[in-house]
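The values are calculated or read from the model by the stated rules, or taken from the named source; none is laboratory data. Small disclaimer: the values here were computed from a predicted structure and weren't measured. Here the Cβ positions follow ideal geometry from the backbone for every residue, glycine too, while neighbour counts run over all protein chains shown. Surface accessibility is based on the protein's heavy atoms, side chains included, excluding ligands, DNA and RNA. Shrake-Rupley method; radii C 1.70, N 1.55, O 1.52, S 1.80 Å.
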Amino acid sequence: MTSNAIVVEDLHKRFGDVEALAGIDLEVAEGTVFGLLGPNGAGKTTAVRVLATVLQPDGGRAEVLGYDVVRQPEAVRRRIGLAGQYAAVDPNLTGRENLRMVGLLAQLVRSRILPRAAELLERFDLTSAADRPLRTYSGGMRRRLDIAASLMQRPPVLFLDEPTTGLDITSRNELWEMIRELVNEGTTVLLTTQYLEEADRLAGRIAVVDEGRVIANDTPEALKSQLGSTVVEMDVRGNGRAHDAVRVLSVRLSDRVEQEGERIRITSERGADVLIEALRILDDQGMAPDALTVREPSLDDVFLALTGHHAEDKQEDKQPELATSKGGAA
Amino acid sequence: MSSTAVSVPATDDRDRRIPFGAARDIYAITQRNLIAYRRVPQLLVFSTIQPVIFVLMFRYVFGGAITLRGLPYPYVDFLMPGIFTQTVVFGAIATAIGLSTDVKSGLMERFHSLPMARSAVLAGRTMADLIRNVFVVVLMMVVGFLVGWRIHTNVFGLISGALLVMLFAYAMSWVFATVGLAVGDPETAQAAAFPVLAPLVFASSAFVQVESMPAWLQVFARNQPVSVTVSAVRALVNGGPTAIYVEHSLAWCIGILVVFAPIAVRLYRRAV
């Protein structure tokens, strides 16, 4: 039996009227990546903050490597790394100075701090920028340094709160690669994300979080099997034409066809074939879509499948959607 | 179901016996804040230019119009202790700006998740601001000497006066640590500070004699912390009875620290 690095039972946290955590249960096996998937305001960040001893929960229990986050926070802090949503680094310090400060505060032996910093700078490809103040770094470089800082004390458990939000695709892919390397070395990673693709690529298990509750907890494969691999969306505008199109498509396609206003959504396992077939069927009827999108399933599709409603952000200041849903027009 | 911590590989890099661990944490935070002052010199320049302008303005523009009653020394000698004190009072806003910037940037979250002394963030910030104040006040002394300021007592009077200004500066730093953590936003901290500080600095004995003010204002102006500190420093460098003012000023400093340090610490624990 593999042991659990993180155990969460019935965790509650309330901010005024908002119930950020409404009873969360989780178990994360040692040496695995666990993804917390949900929209802004679902409670992902609150959960991570409680686990990282930054916030006190109102109720329930959470343990990291057997240590209680409320009663033994010091023991937890010695074993975790946290890289938050907003790169928590000092913009006035250089990369090396930031790592040195974190090394001191992590109570590392002084003689090991600078070698460890140099090692991490090298690993995160920041050696040439190591002695420049962080304000000159790009967003991707800052994020890498932030994660490097969280690794100074070689934590066996790493929390990554939306590590790739706001990053371009190249930086994101590099970061994914680094996370995989860490896991290969035995680190347990708890990752929050708004992107199904990210959770799918990295995590061995995904918990979907909505309004402070876990609404699904499964392997990515099992979650996606409810979704299909391809989503085709067509807009068919004008007096009831969408309804007619859906009727024909439902009869002749074996895939799931849904209608939402003038938009038709086809979810399929068959990749691009479904698109060709759907267009042929419409063409036979003398119809053609006014707009057409082919993409992979997104968080929103997961939500739609699990809850029947769209993933709604609970915050106004939502970050711009990353290009994880590959939009391709035919 | 929960695991034991047997397989934790994180202990080999750890110094198990750091006798002054908290001191090292405070050192790390102090140094980090001082590097910011060195690397973003405008932080320091703006906290220096304002008092220099005040020296020049009051020495050469308003000074001629201000008549001192019953004092055996010129206006510039009256003015400089007021300048030192108002410099550290306005300078304390930097503590609020620094801490609220850290709250906003997410750095506090990192600090809260590290196995560091809980006291280090506030102690290191106020320590760095104290060191900055030493630098700025020494600079103001040089400016003072250049525009004709002279000491009428001795070097011990000057050192005691400087130490008192530093203690007052440290106490004010904790007031503004509280403000910074309470508002959590540098712009708001700055905007909130001025309306509070202006009456403290100007309705005081820093630039004019309290006797020149209306009677109702004199009660406030005579007893508030800026005035008693200015009067104590003045007595220490210009001569005259010192004990009463120094005692009052020390009482204010200690009182401010006793009230605001616990509030700031409490706010810090909640700040993420």
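Determine the gain in length on full extension of the stretch A:Val109-A:Arg123; use 0.36 nm per residue of separation and subtract their C-alpha separation, reporting nm with one decimal.
Numbers: separation 14, 0.36 × 14 = 5.04 nm, distance 2.08 nm.
My answer for the length gained is 3.0 nm.
For the interface of B with A, what's the total buried accessible surface in square angstrom, probe 1.4 angstrom, rounded to the nearest hundred?
4100
Where the only charges are on Cβ atoms (+1 Lys, Arg; -1 Asp, Glu), what is the dipole of chain B about its Cα centre, to the nearest 20 debye?
On the way: 20 positive and 12 negative charges, 55 e Å.
Using Cβ point charges on Lys, Arg, Asp and Glu, chain B gives about 260 debye.
Sorting B:Tyr75, A:Tyr67 by accessible area (1.4 Å probe), largest first, what list results?
A:Tyr67, B:Tyr75
Report, to the nearest whole %, how much of the accessible area of chain B belongs to carbon and sulfur atoms, 1.4 Å probe, protein only.
The computed percentage sits at 70.
Picking from B:Leu236, B:Leu163, A:Ala216, whose Cα lies most toward the positive end of the charge dipole for the protein assembly as shown (charges on Cβ: Lys, Arg +1; Asp, Glu -1)?
About the Cα centre, the residue reaching furthest to the positive side is B:Leu236.
Excluding ligands, DNA and RNA, what is the solvent-accessible area per residue of the range A:229-296 at a probe of 1.4 Å, expressed in Å²?
53
Taking each residue of B:28-36 in turn, how many C-beta atoms of other protein chains fall within 10 Å of its C-beta, and what is the average?
Per-residue shielding by partner chains comes out at 4.
What is the percent carbon and sulfur in the accessible area of chain A, measuring with a 1.4 Å probe over the protein chains and ignoring ligands?
Exposed carbon and sulfur together represent 46 percent of the surface.
In peptide A:98-104, what is the residue-averaged number of other protein chain Cβ atoms found within 10 Å of each Cβ? Mind showing how you got there, number by number?
Numbers: counts 3, 0, 3, 10, 5, 2, 12.
Average per residue, whole number: 5.
Mind ordering A:79-86, A:134-141, A:22-29 by average Cβ neighbours within 10 Å, highest first? Intermediate results must be reported in sequence, preceding the final value.
Details: A:79-86: 25.2, A:134-141: 15.5, A:22-29: 18.6.
The packing order, highest mean first, is A:79-86, A:22-29, A:134-141.
Taking the dipole about the Cα centre of the protein assembly as shown, with the C-beta of Lys and Arg at +1 and of Asp and Glu at -1, give me whichever of A:Leu227, B:Thr87, B:Val76 is farthest to the positive side.
Value computed over the given set: B:Val76.
Work through the residues other than A:Gly238 whose Cβ is under 15 Å from its Cβ and net out their charges, Lys, Arg +1 and Asp, Glu -1.
Charge balance near A:Gly238 sits at -1.
Take peptide B:100-112, look around each residue's Cβ out to 10 angstrom, count Cβ atoms belonging to other protein chains, and average those counts.
Neighbouring Cβ atoms belonging to other protein chains average 6 per residue here.
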